Each structure stands twice: as structure tokens, then as C-alpha cells.
Amino acid sequence: QFGAKTRTNVPRDRCVRINLCLCAYQPSENGFGKEEKMKKFAKILCAVLCAATAAGALAACTDPKQPPPDGGDKPPVSPLPDGFQGVTEEMPTEGLKVNALSNMKEASSVWQTKYEADAFRVTVWVKDEIVVANEDWSKSDGVKIRLSEVSEVSGYVAGRTVSLFAAPDGAMKFQKAKDAQTLADCADEISVSVKEWAESGETVVGYKVDAAFPYAALGVSAAEAKGNVSIAAELSNTSSASFTAAVRGAGLTEYGVDPENQNTYLVVEDDNEFALNSDPYPTGTFHYKKNVYDRTESYWDVSEDYLASSPRYGDRRAELKGSLGTGKWNELWFYREKSTLFNAESSFSLPENPVYFGDEYPKFGFTLYDENRNGVFFYLDTLSDLTAKRVGYTIMTRGSFDWDGAKYKNIDWSPAPRSP
């Protein structure tokens, strides 16, 4: 594919032999007699010859000058490619660890950080059997380093959140936040190197990225930098330039790191010492990343879902902006909440002709359910003119409602007049 380079890290002197033995025989009709005994003997002899041939092939693949790999001895070391200009060193054991799996091929990485006199340094070792460098970075291997001044505010910090993507071939892009939602290309000078990497002089096993970010580029002073820089570490891995890369990040909680919200980044308290932000999530009850299908046309606004520490916690609310109105569920996800009690108050504003697809019994309500769609649907049951005579609930199992077992209570309700 044009614009893509692929390197497979396999030792060049590794020998592979394939031996094919075909033993053909046809038994007699009754399976007995002298002829049948001879054919059975020939079958056994053929199997013995196949085993001997395979043993000879294995011996031919073994370098007599090298000791066998048993007994604790290391296997033969493969020479590095001619003209190798990379680095030869062991992968460190300390640091952030990020793995990414693509089509059963896993890339692993170790990330180390260091507060230097004038810059914050990030070094990444990536071990990858198939290294792909593609002009289309969504289908390329690489690392993305996101740094920010530590802040409890969600989104980016303008002028103080930066992002660097580095591909295995040295191509890179450096960006800085111009506002809370947008990253823009930046001309700030940073020092970055990308080199092939080998362990103990063996065949190349991956690549190494080393980047130094001047404190000025992060909007912090050298004196105040330590403990005031946070990082989101992302590894991109693909096994082919035709496939979209799998992207994985490092996080310390079950919710992981949200690259678009720097308050979820890991605070670098000291060299290779990481901790969570004091409050890494901007909402109190609802999952701020779970919206309804289309974030522009239809989504839940949870900006007033205040944290428990907020004086407005008792007034928290979530508002659905533009329901799809197509029979789809407008899902609002909870997280960090476990309780057997639930209390909610809802107000609905309906458009003209709100009944979907001529439903004779449209319903207002909400369903509480788990990830397998098992739960309970609480509803206000109405007629097509939106007058109602009862409220009720029904059990839901894997998304299907048990209407035969529904429980209800008669009431007398009608909607308030529509405002002009």
C-alpha cells in the first residue's frame, strides 16, 4: 500500500524445513491374508522413514557451533541488519506499561518519565513483531504522549495541554490546546528522537521514542514543575497498513484515561511515580462519556450533574437535548453509584405529533437495567391522545418486556396545555 512501510522482526538466520511423507496403501476386502500383512508392514516402515527424515531436517537447522537451547543456555543470537543505527539495550522493568493487540499480534511498551532541569522527558520502549509506519496515522503504529498542567477542570487547559504523536519512521505531529475542546498544530521547539531498538544485540524488536518537552511549552516553571505535570500514555498498534490501529492507554482506575479530559491524566508526582488527579471525573452520578448516538443532534447534557463536594449537589440534573424520536432508547448511564434506592423527577416537553409510528398506547417512563438489559420499566400508560388512566411497571429480560406480567394502578391524568 502506498505510503506505508512494514517491517517484520524475525531473525534472518532462522531455518524452517517442511517434510512431507505420503504413505498410500489399499487394504484387501477382508483385511486378512499375506498381501494385507505386507501392506501393513509397508505402512509401519513408511512412518519410521518419515520420523527419521524429520529428525535429519531438525539437525540440519542446528548450528553445530552453538550449544543447544536446553540446560539453561541462551539460544543463538541473531546478527543485527547491516547499517543498523538504532539503540541496543534491555527494556526497563519500571514505568507505565501499555499493551495493544491487533489481529492477535500484541505490541507492548514501557514508559518512563523524568523531571530534568529545563524539560520534562518521556522515554518509551515499544516491542512489536510487525512494525507499520503509515502516512495515514489512524492505520499506523506509534505512541501519543499527552501532557498537561495538573488541573481539576475537565477538557483541555488552553496553552498548557500538549499532544505529540510519533510514528516508528520518525514522522510526528506536535499540538497544543487553544481552548478546552480543541488541539491545534504548534511550532514550539521540542526534542524528539525515534530509533530502531534491539535487545542484547539481537534482531530488532521494536522502536524507542525519546522526547523532551521544555517546561515553557507546558506553561509551568522549572521550579514548580515537579508534581504539576500529568500524562496520558497511548500506544497505537496495527498488524497491517490496511487495518485501523488499536489504541490503548494507561490508567489507574476501571474507567481508564479519557484523552479529551486532562483531569483524568495521571499526575507525575516524581520520576516514574504516578497518581490520580484529586477528582479525575467531572460528574457526580452520570457517565459523562455515554451519550445518545449522536453528540450533536441528540445527547444528555450532564454539565449540571454536580460533584458531591459542590454546594449545588442537591440541585443536580441531566437534560436530554433533542431526543431522536425514532423509538430508540435515550440511554443515560450511571457510574460510581451503587444503591438499592432510586429517586428521580422528570419533566417532558413534547413536539407536535409526538406519537411514534401510530402507537395506540404510547408511554412515558424510564427503565433501570444492567449491562445485559435485565431490569424494570416504570411508565405512565397513555392513549394516542396522550391522556392516561394508569401507571405501572413491567420486568424486562434481555431487552424484552413481560407485558403479561405487568402491574399497574389506575389514575386520572392529562398533559398540561401546550404553551403558545
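The values are calculated or read from the model by the stated rules, or taken from the named source; none is laboratory data. Nothing here was measured: the structure is a model prediction, and the numbers come from that model. Note that each Cβ is placed from the backbone with ideal geometry, even for glycine, and that neighbours are counted across all protein chains shown. We work out accessible area using only protein heavy atoms, side chains counted, and drop any ligands, DNA or RNA first. Shrake-Rupley method; radii C 1.70, N 1.55, O 1.52, S 1.80 Å.
So which residues in the range 170-198 are under 27 Å from the mean Cα position of the chain (by Cα) and assigned to a loop (DSSP other than H, G, I, E, B)? Those that are under 27 Å from the mean Cα position of the chain (by Cα) and assigned to a loop (DSSP other than H, G, I, E, B): Gly170, Ala171, Lys178, Asp179, Ala180, Gln181, Thr182, Cys186. When restricted to residues that are of a type in the set (Gly, Ala, Ser) and buried (at least 20 other Cβ atoms within 10 Å of the Cβ), the range 186-216 contains 3.
When the range 246-274 is examined, which residues are found to be over 18 Å from the mean Cα position of the chain (by Cα) and at pLDDT 90 or above? Of everything in the range 246-274, those that are over 18 Å from the mean Cα position of the chain (by Cα) and at pLDDT 90 or above turn out to be Val267, Val268, Glu269, Asp270, Asp271, Asn272, Glu273, Phe274.
Just one of Lys97, Lys144, Lys139, Lys127 is open to solvent by 20 Å² or more (accessible area, probe 1.4 Å) and within 17 Å of Asn272 (Cα to Cα); which is it?
Working: Lys144 fails: within 17 Å of Asn272 (Cα to Cα); Lys139 fails: within 17 Å of Asn272 (Cα to Cα); Lys127 fails: within 17 Å of Asn272 (Cα to Cα).
So the residue among Lys97, Lys144, Lys139, Lys127 that is open to solvent by 20 Å² or more (accessible area, probe 1.4 Å) and within 17 Å of Asn272 (Cα to Cα) is Lys97.
Screening the candidates Phe334, Phe377, Phe364 for the property of being under 22 Å from Asp301 (Cα atoms), open to solvent by less than 50 Å² (accessible area, probe 1.4 Å) and modelled with pLDDT of 75 or more yields one hit, Phe364.
Being loosely packed, with under 15 Cβ neighbours inside 10 Å and within 22 Å of Lys226 (Cα to Cα), is that true of even one residue in the range 169-185? Within the range 169-185, not a single residue is loosely packed, with under 15 Cβ neighbours inside 10 Å and within 22 Å of Lys226 (Cα to Cα). Selection of first residues in the range 403-414 that are under 20 Å from Gly375 (Cα atoms) and hydroxyl-bearing (Ser, Thr, Tyr) and of second residues that are surrounded by 10 or more Cβ atoms within 10 Å (Cβ to Cβ) and modelled with pLDDT of 85 or more, restricted to Cβ pairs under 6 Å at least 6 apart or on distinct chains, gives the following pairs, ordered by first then second residue: Tyr408/Arg390; Tyr408/Gly392.
So how many residues does the range 356-381 have that are on the phi > 0 side of the Ramachandran plot and outside any strand (DSSP E or B)? Qualifying residue count, the range 356-381: 3.
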